[in-house]
Amino acid sequence: MINISPRQLEVFVQIALHGSVRAAAERLHLTQPAASMALAEMERQLDAPLFDRERGRLRLNARGRELLPLAQELLERHAEFGRRVREEGA
């Protein structure tokens, strides 16, 4: 069973958008090692890399390009779920 967290999805999406773990970590207020570990664990669970590593940059590979829109949709749904829960509780 795959157990990927919203945080791992956020790290994946931010790395895909900005091309580096450092930039993703800064945007998410994480340390670079924490962001690297989140990505590594996600790739381990998927049993496939999502990026090609080239001279310190990360570029989405075919699998990453396939999963990026799904990850973005899941994050939006997760945010929507939180908004609805807050609205109901108000």
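The values are calculated or read from the model by the stated rules, or taken from the named source; none is laboratory data. Note that the structure is predicted; figures quoted are calculated from it, not measured. Every residue, glycine as well, gets a Cβ built from its backbone with ideal geometry; the counts of neighbours run over all protein chains shown. Note: areas computed on protein heavy atoms with side chains; ligands, DNA, RNA excluded. Shrake-Rupley method; radii C 1.70, N 1.55, O 1.52, S 1.80 Å.
Return the residues of region 15-26 that are under 19 Å from Ala62 (Cβ atoms), modelled with pLDDT of 95 or more and surrounded by 15 or more Cβ atoms within 10 Å (Cβ to Cβ); say none if nothing qualifies.
Within region 15-26, Ile15, Ala16 meet the criteria.
Out of the residues in region 40-90 that are in a loop (DSSP other than H, G, I, E, B), open to solvent by 60 Å² or more (accessible area, probe 1.4 Å) and free of Cβ contacts under 8 Å to residues at least 24 places away in the same chain, state the one that is farthest from Val21 (Cα to Cα).
Ala90
Is there a residue in region 2-14 that is at pLDDT below 95 and open to solvent by 30 Å² or more (accessible area, probe 1.4 Å)?
Scanning region 2-14, I find at least one residue that is at pLDDT below 95 and open to solvent by 30 Å² or more (accessible area, probe 1.4 Å), so the answer is yes.
Looking only at region 29-39, count how many residues are surrounded by fewer than 17 Cβ atoms within 10 Å (Cβ to Cβ) and not in a loop (DSSP other than H, G, I, E, B).
Adding up the residues that qualify gives 4.
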